[in-house]
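Here's the structure, in structure tokens; my notes come after.
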Amino acid sequence: MRFHMKSGSEDNDIVAATATAEHIRKFVFSGSPAERLEIKIPELLQGAYSFYTWPCAPILAHFLWERRQTLAGKRILELGSGTALPGILAAKCRAQVVLTDNCILPKSLAHIRKSCLANQLQPGVDIDVVGLSWGLLLNSVFRLPPLDLIIAADCFYDPSVFEDIVVTVAFLLERNAGAKFIFTYQERSADWSIEALLKKWKLQALPISMEDIGKESGVDLLEFMGGHTIHLLEITRIESDGSINTT
């Protein structure tokens, strides 16, 4: 599993609405004539990377939307939430959601709360926001509720934290029997791989087809990809007997 760099500039199609480069970006999800969900995401184009909705996030969000009937009551954790589009969508589909980002980045956590409030979700009431550092098993990790699903959009962006992410996922999957980790990633370098780390931590990755994602909402995924290559994967534990958890 390798991540490749694509030529071309980063997404720059959003024009700042104010002098501070603050912008509200809208994402629309639809199904039957009676089903329509609009999510508003505040973005700061001059802020850090966590203040912008990268291409992987809407793809993961559309994947979840097309499975919205299965989300009600599910306990979902989003890693590295950033602007939190996938997690907010899951919460709007009546999942019990915990959004997380680095516990030493209070501005990022505050921005997640701002995204929640922009969509009428009250942090601590309708949705939870928690500081969580990858690779560190702090009290915040042990206080997490039971989980059915872990999600992330574009968390594998820096090789120096790949093992920290994998360790965190392995720990959470071990504590939550039957849970899965579903994530999107953008290829950035031919030299980046997590295969050895998955083997080391007894995890198995399986690709998920993206062929039909977005069709229900009439969305072309290429619009979000912006010339990049993005993949969708599911990670589960390899049990002690060598079998793969497919619950």
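The values are calculated or read from the model by the stated rules, or taken from the named source; none is laboratory data. Keep in mind that what you see is a predicted model, and the values were worked out from it rather than measured. So basically every Cβ, Gly included, is an ideal-geometry build from the backbone, and we count neighbours across all protein chains shown. Each accessible area value is taken on the protein alone, full model and side chains, heavy atoms only, with ligands, DNA and RNA left out. Shrake-Rupley method; radii C 1.70, N 1.55, O 1.52, S 1.80 Å.
What does the charge count near GLY73 come to, summing +1 for each Lys or Arg and -1 for each Asp or Glu among other residues with Cβ under 10 Å from its Cβ? Let's see the in-between values first.
Working: positive: LYS74, ARG75, ARG94; negative: ASP148.
That works out to +2.
In whole percent, what relative contact order does the range 22-237 give with Cα contacts below 8 Å and a gap of six or more residues?
Taking the mean separation of contacting Cα pairs over the length of the range 22-237, I get 19 percent.
Just to be sure I understand, if you calculate Rg and Dmax of the Cα atoms in Å for this structure, which of (i) 22.7, 75; (ii) 17.2, 59; (iii) 20.1, 71 do you get? Checked against the structure: label (ii). Rounded to whole numbers, the Karplus 3J(HN,Hα) couplings from phi for the range 123-130 are x, x, 10, 8, 7, 10, 10, 10 Hz, using 6.51 cos²θ - 1.76 cosθ + 1.60 with θ = phi - 60°, and x at Gly and Pro. Taking K and R as +1 and D and E as -1, what net charge do the other residues with C-beta under 14 Å from the C-beta of LEU89 add up to? Around LEU89, the charge tally is +3.
About its Cα centre, how strong a charge dipole does the range 88-149 have in debye, to the nearest 20, once Lys and Arg get +1 and Asp and Glu get -1 at the Cβ?
I would put it at about 160 debye.
Residues in the range 44-132 average 38 Å² of solvent-accessible surface per residue, probe 1.4 Å, ligands and nucleic acids excluded.
All other residues whose Cβ lies under 10 angstrom from that of TRP201 are scored, Lys and Arg at +1 and Asp and Glu at -1, for a net of +2.
Under 5 Å from the amide H of LYS74 lie the amide H atoms of GLN96, each residue being 5 or more positions distant or on a separate chain, with H modelled from the backbone and absent for Pro and chain starts. The count of lysine pairs in the chain with alpha-carbon distances below 23 Å, taking only pairs 8 or more places apart or on different chains, stands at 18. Under a model in which nothing but the beta-carbon of Lys, Arg (+1) and Asp, Glu (-1) is charged, the chain shows a dipole of about 640 debye around its Cα centre.
Let me check something: with ligands and nucleic acids excluded, how do TYR185, TYR49 order by accessible area (1.4 Å probe), largest to smallest?
Heavy-atom accessible area, descending, gives TYR49, TYR185.
The portion of the accessible surface of the chain made up by carbon and sulfur, rounded to a whole percent, is 52 (1.4 Å probe; DNA, RNA and ligands excluded).
From most to least packed by mean Cβ count within 10 Å, the peptides 69-82, 109-122, 128-141 give 69-82, 109-122, 128-141. For THR100, the amide hydrogen comes within under 5 Å of the amide hydrogens of GLU78, GLY80, SER81, VAL130, counting only partners 5 or more places away or on other chains and with H modelled in the peptide plane.
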